[in-house]
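A short worksheet on the structure shown next.
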Amino acid sequence: MSRLTYNEIIQCLYDLEDKDKVAFKAKKFGIISNNSLGIYHKDLKVIAKEIGVDNTLALQLFDSEIYEARLLCSKLFKPKDITEELMEKWVKTFENWEICDSFCMGLFSKSNFALAKILEWSQREPEFEKRAAFATLASYCMADKTSDNALFEQFLSIIKREAHDERLYVKKAVNWALRNIGKRNVDLNRKAIEVANDILEFESKSAQWIAKNALAELQKEGIRMSDYPRAIYRF
């Protein structure tokens, strides 16, 4: 449990407020957020480390509606304690890629509902709800070290289906997921390359970008593989 109280953490965040950073993050990284104080992610990590895991505090911080407090929530909540209701509450508030990815990588990909939500959210229309599906998948590829290839192969058809989406933060996440599937092991690498070549035949600019970018990495000499599951791919 945290030695810092909710009020002390909120005061700490306001002490770090920097409106120039709000503008810089929007211009440089496309991070546009409501009620933002302008605190870099690296600084929030330091605060989160000092606080430690604390579900109750995490929920209080999220409900403050302060952007950086919500980012802290994603670093304080215990992944295995997440409910579907919380995932739905949180995903509907995502307003940029930073907060989307922070929740997807830190929490959603490690939760008991990761696979179900990847399938469900991939069919959503809102940009950052759909991105959440593929950001969670991309992270899940690294978080799940034991599942066999069949589990990941099922997502390749979803990647092909959504490769036409021209929205920047959707297509980047689709590409990210495809690349990470292809970096699990040599067999999934071949499958991902096949899918990328299929996508390359699509007419949309988004599909062309996704395919070319994925192929450039997946066919690179000396590409680093995770070799998951290692009981099979690493001796």
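The values are calculated or read from the model by the stated rules, or taken from the named source; none is laboratory data. Just so it is clear, the model here is predicted, and its values are computed rather than measured. As a convention, Cβ positions derive from the backbone with ideal geometry for all residues, glycine included, and neighbour counts pool all protein chains shown. Surface accessibility is based on the protein's heavy atoms, side chains included, excluding ligands, DNA and RNA. Shrake-Rupley method; radii C 1.70, N 1.55, O 1.52, S 1.80 Å.
In table form, for the structure just shown:
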{"read-out": "Matching residues, region 118-154, being crowded, with 24+ Cβ neighbours inside 10 Å and among the charged types (D, E, K, R)", "value": "Arg131"}
{"read-out": "Helices (runs of 4 or more DSSP H) (entirely within region 18-87) containing at least 1 residues that are free of Cβ contacts under 8 Å to residues at least 12 places away in the same chain and of a type in the set (Lys, Arg)", "value": "19-29, 41-51"}
{"read-out": "Test set (1) open to solvent by less than 50 Å² (accessible area, probe 1.4 Å); (2) under 21 Å from Ala116 (Cα atoms) - Ser157 fails condition number", "value": "(1)"}
{"read-out": "Residue in region 63-72 that is out of contact with any helix residue (DSSP H, G or I) (no Cβ under 7 Å at 6 or more places or on another chain), over 18 Å from Cys100 (Cα atoms) and surrounded by 12 or more Cβ atoms within 10 Å (Cβ to Cβ) present", "value": "no"}
{"read-out": "Candidate set: region 187-235, residues that are among the aliphatic types (A, V, I, L, M) and loosely packed, with under 12 Cβ neighbours inside 10 Å; chosen: the one farthest from Ser109 (Cα to Cα)", "value": "Ala216"}
{"read-out": "Selection count where residues are in a helix (DSSP H, G or I), under 19 Å from Val170 (Cβ atoms) and of a type in the set (D, E, K, R), scope region 183-216", "value": "3"}
{"read-out": "Count of region 172-208 residues which are hydrophobic (A, V, I, L, M, F, W, C) and touching a Leu at 6+ places or on another chain (Cβ under 7 Å)", "value": "6"}
